[in-house]
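Take a look at the structure below.
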Amino acid sequence: MLHIRFRERDPDAVLAESPWPDPPRTQRPREVGFPCASRLLHLDDHQARQEKERLVNVAEKERNEVLPRARGEAAQTIAEAQAYATERVNEARGAPARFDALLATYLEAPEVTRRRLFFESMDLVLPALQGLVVVDPKLGGPLPLLDLERMLQNKGGR
């Protein structure tokens, strides 16, 4: 088998050994390309560049998806924190004003204000209790209560 290496030998010497008829001398031998090992290295280099470009594109795609979402979440978190801080400041400023208003009412009618505060507190506390036990000091024990809520639930469940 005939191996032709243009890089190492003179093209005229190669043509002299060629089994084909002599081409006209005005034509130059055409370029064959890379030798086998060099061609493989070239292909590996080309594939490596393509893989690098692909990975860069994948990374940029992920960056373009993740960064805007992260920036939006960060802006939302900052806005929520600022709203919470504003709410807390307003509550802190409003508490003394409410106390001053309550004090003025108490100074005008202490007994009425005291009872009103007691009933408002009971309205907040009693609904949270599951079972209600009232102790009557005159009876010396718990006062029997009529549990209307349970009776209404049982009647509606029939």
### Task
Taking 7 Å along the Cα-to-C-beta vector as the label spot, tell me the LEU139-ARG93 distance in nanometres, rounded to one decimal.
5.2
### Message
Once you compute Rg and the Kirkwood Rh from C-alpha atoms, what is the Rg to Rh ratio for region 37-116?
### Response
1.73
### Query
How large is the dipole of region 37-116 about the Cα centre if only Lys and Arg carry +1 and Asp and Glu carry -1, each at its Cβ, rounded to the nearest 20 debye?
160
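Computed from the coordinates by the stated procedures, all read-outs in this text should not be read as laboratory data. Being a predicted model, the structure only gives us computed values, none of them experimental. Note that each Cβ is placed from the backbone with ideal geometry, even for glycine, and that neighbours are counted across all protein chains shown.
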